[in-house]
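Below you'll find the structure, written out as structure tokens, and then a few comments.
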Amino acid sequence: MRRLLERIFEDFTPNARVLVAVGSATPFLIVYFVVHGLALRDEAIRQGLNAGPMLVLQAVFVVCSLVNLGIGLKLWPRRWVNEPADDPTQLACLSIGLAYTLLCMLTGTFTSGTNLILVGVLAIGLLLFELRPMVVAYLVCAALLVGHDAAVLAGWLPYAPALSEGVFPDGQPTWWFGMWRQYVLYAGWAVMIGLLLFLLARLDHLHENLTRLSYTDGLTGLANRRRFMDVLGAELARQARSGHELCLLLIDADHFKDVNDRHGHHAGDAVLRDLARILMLSVRTPTDLPARLGGEEFAVVLPDTHLGEARRVAERLREQVATHVFEDGDQRLRVTVSIGLVAARDVGLQALLQQADQALYRAKETGRNRVVEGGRATP
């Protein structure tokens, strides 16, 4: 259910969102139409109703349902076409909003249940659609409600035009009006509580996404520099307490500027994404942390790893990159990497990074496509 709601509010096209709105609202309009029709056919209940306003309300339900049906038939073949649906969106907002506004006006503007439903419909619309069509529908509905209230206060209209004095024969509401009022109240509360729970879940989801994005490189999906620095600092602190070994790889794609200059930045991005995938497959997950530090520079934090094992990881990674054919469309490229390898031995974070950077520099200065360990090239 959570994934479905996320798809509705994040992944659905504008056309699909309109379909969700009319598909959700129309059954309620039909239920109201059927229930009110049965009430009008019952002689005892009919005595508590004003037939004229009720027939107007029934006609509005029919018209709005037909409008929603027409919108659905028009948009269904184009439900996955990602293009603006301004006119159908505006029409759907007005149709649904006017139906529930008229329900509120004719059965009592100050009835809490009907107002809860109207507020819930507005909140759902704001989640589904852009602000503009909702503002237009809101202004139209608000103008009707304010105008009706003003007419009631001036004595031009009764408080609830659809109801007659027969609703309160002995000063108490009839059984059927009490049931109808409770149904509307519970429906309103269900809408509002459901919205509240959904919005809280959405806030949690957005918080998770923001946290993930703040620690993730957008191009490759690897950890970014911020996450790398946090983890490396934490691992160095843990090493100081436990005495466990820790190694660090700094990796740089050789002659990467030439790739961008000759083949374009699109090809360069494809190479970086492939490098990230190779990096992920070459390390232990989730123990090790591969990261992109920026540009064509990567790093791997290897906790609980002795120097010999880290050397084998680095060599395996270098060989996999050197033999890999990078593809971007019909372009096939070869790329190599230089790797600086250091083991942390009672050093701070900045000192460790400086040692790794020096090892990487020597790897590039001595011919590239190689691993340099603390300034010495590996066999």
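The values are calculated or read from the model by the stated rules, or taken from the named source; none is laboratory data. For clarity, every value in this text was computed on a predicted model and none was experimentally measured. Here Cβ is always computed from backbone atoms with ideal geometry, including for glycine, and neighbour counts include all displayed protein chains. Surface areas here come from the heavy atoms of the whole protein model, side chains and all, with no ligands, DNA or RNA. Shrake-Rupley method; radii C 1.70, N 1.55, O 1.52, S 1.80 Å.
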#### Entry: Residues of segment 43-61 that turn out to be open to solvent by 30 Å² or more (accessible area, probe 1.4 Å) and either closer than 16 Å to A99 by Cα or more than 47 Å from the chain's Cα centre (by Cα) (or both), as a count
9
### Query
Do we find that W76 is out of contact with any Gly (no Cβ under 6 Å at 6 or more places or on another chain), at pLDDT 85 or above and assigned to a loop (DSSP other than H, G, I, E, B) in this structure?
no
### Task
Filter segment 79-98 down to residues that are open to solvent by 70 Å² or more (accessible area, probe 1.4 Å), in contact (Cβ under 8 Å) with a residue 12 or more places away in the chain and in a helix (DSSP H, G or I), then give me how many there are.
2
## Note on the structure
How many residues of segment 297-310 are in contact with an Asp or Glu (Cβ under 6 Å, 6 or more places away or on another chain) and open to solvent by 40 Å² or more (accessible area, probe 1.4 Å)? The answer is 2
#### Entry: Every pair of residues 6+ apart whose Cβ atoms lie under 7 Å, when the first sits in segment 319-332 and is of a type in the set (G, A, S) while the second is part of a loop (DSSP other than H, G, I, E, B)
A322/T336; A322/N369
### Query
Which number in (1) hydroxyl-bearing (S, T, Y); (2) in contact with a strand residue (DSSP E or B) (Cβ under 8 Å, 6 or more places away or on another chain); (3) farther than 26 Å from Q350 by Cα marks the one condition that T323 misses?
(2)
### Query
Do you know which residues across segment 271-290 are over 20 Å from R226 (Cβ atoms), surrounded by 15 or more Cβ atoms within 10 Å (Cβ to Cβ) and modelled with pLDDT under 90?
S282
### Query
Before we move on, is L4 more than 16 Å from A162 (Cβ to Cβ), surrounded by fewer than 12 Cβ atoms within 10 Å (Cβ to Cβ) and modelled with pLDDT of 90 or more?
no
### Query
From the list A160, A150, which residue is modelled with pLDDT of 75 or more and not in a helix (DSSP H, G or I)?
A160
### Message
Condition (residue is more than 18 Å from L102 (Cα to Cα), open to solvent by 30 Å² or more (accessible area, probe 1.4 Å) and modelled with pLDDT of 90 or more) applied to segment 14-26: is it met by at least one residue?
### Response
no
### Query
Does any residue in segment 122-138 that is of a type in the set (V, I, T) come within less than 7 Å, Cβ to Cβ, of a residue that is open to solvent by less than 60 Å² (accessible area, probe 1.4 Å) and at pLDDT below 70 six or more places away or on a different chain, and which pairs are these?
I124/L195
### Summary
Within segment 271-313, residues being under 13 Å from G221 (Cα atoms) and either in contact (Cβ under 8 Å) with a residue 24 or more places away in the chain or touching a Phe, Trp or Tyr at 6+ places or on another chain (Cβ under 6 Å) (or both) number 15
### Query
Between residues in segment 340-360 that are in contact (Cβ under 8 Å) with a residue 40 or more places away in the chain and within 26 Å of D254 (Cβ to Cβ) and residues that are open to solvent by 40 Å² or more (accessible area, probe 1.4 Å) and not hydroxyl-bearing (S, T, Y), which pairs lie under 7 Å by C-beta distance while being six or more apart or on different chains?
G340/D357; L341/R311; V342/Q355; V342/G374; A343/E245; A359/G374
### Message
On the basis of being modelled with pLDDT under 95 and open to solvent by less than 10 Å² (accessible area, probe 1.4 Å), does L352 make the cut?
### Response
yes
### Summary
Listed by first then second residue, the pairs whose first member lies in segment 149-160 and is open to solvent by less than 60 Å² (accessible area, probe 1.4 Å), whose partner is in a helix (DSSP H, G or I), with beta carbons under 7 Å and at least 6 positions apart or on separate chains, are A160/L106; A160/T107
## Note on the structure
Taking segment 315-349 and the residues there that are part of a helix (DSSP H, G or I) and of a type in the set (D, E, K, R), the one that is surrounded by the most Cβ atoms within 10 Å (Cβ to Cβ) would be R318
